[in-house]
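The numbers here are math on the coordinates, done by the rules we state, and not lab data. Model, not experiment: these values are computed from the prediction. Cβ placement follows ideal geometry from the backbone for every residue including glycine, while neighbour counts extend to all protein chains displayed.
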Amino acid sequence: MYEQKTKETDNDVIEFIEQVDSPKKREDAYRLLKLFNEVTGFEAKMWGPSIIGFGSYHYIYQTGHEGDAPLVGFSPRKAKISLYFAPGDTEREALLAKFGKHTTGKACVYINKVDDIDPEVLKELITQSVAFLQKQYPANE
């Protein structure tokens, strides 16, 4: 049976940020922490060893594979900062067109530094991603 690799942990977010080598990336991580927290209203949690996530959702794929993931998050990695948004959100491209300097992966958006992007567009991306995932995967009350 599949064992999910990236799970929420009890590791300390601030401790993790303090271990980021680059002073500029560390500063950017604190900026992102504040921004993601303000927009989502969720407390930051560590997911795996290096992802700072906000909120969570439970997914079940048609294959039967299921797990939990943060609604949104980021990781100040050595090469670039990874921003995690909803996979499958078709409306994301329109916002990314006015986001600033970035590259994209399947679910990630990569930036070099926060100064390269428009923070207002980032707020829209966060809001849109959270709404998309909460609609796709409503919480079982």
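Here the contact order of the stretch 6-96, divided by its residue count and restricted to Cα pairs under 8 Å and six or more residues apart, works out to 24 percent. The packing ranking of peptides 106-118, 24-36, highest mean first, is 24-36, 106-118, where packing means the average number of other beta carbon atoms within 10 angstrom of each residue.
Here the dipole of the chain is about 520 debye; that uses its Cα centre as origin and unit charges on the Cβ of Lys and Arg (positive) and Asp and Glu (negative). Pull out a ≥ b ≥ c, the square roots of the eigenvalues of the alpha-carbon gyration tensor of the stretch 75-141, then state rounded if a/c is under 1.5, prolate if not and a/b is larger than b/c, and oblate in the remaining case. Because a/c hits 1.5 or more and a/b exceeds b/c, the stretch 75-141 counts as prolate.
In the chain the Cα-Cα distances spread across 10 Å bins starting at 0 as 11, 44, 35, 10, 0 percent of all pairs.
For the stretch 38-95, take the convex hull of the Cα atoms, compute a quarter of its surface area, and give me that in nm², please. Could you put the intermediate results ahead of the total?
Values: hull surface 21.5 nm².
Answer in nm², one decimal: 5.4.
Take the stretch 1-60, drop everything but the C-alpha atoms, weight them equally and run the Debye formula without solvent; then report log10 I(q)/I(0) at 0.29 Å⁻¹ to two decimals. Taking Cα atoms of the stretch 1-60 as identical point scatterers yields -1.28. Of the residues Thr40, Thr63, Thr104, which exhibits the maximal mean-square fluctuation in a Gaussian network model of the chain defined by a 10 Å Cα contact cut-off? Checking each option, the largest mean-square fluctuation is seen for Thr63.
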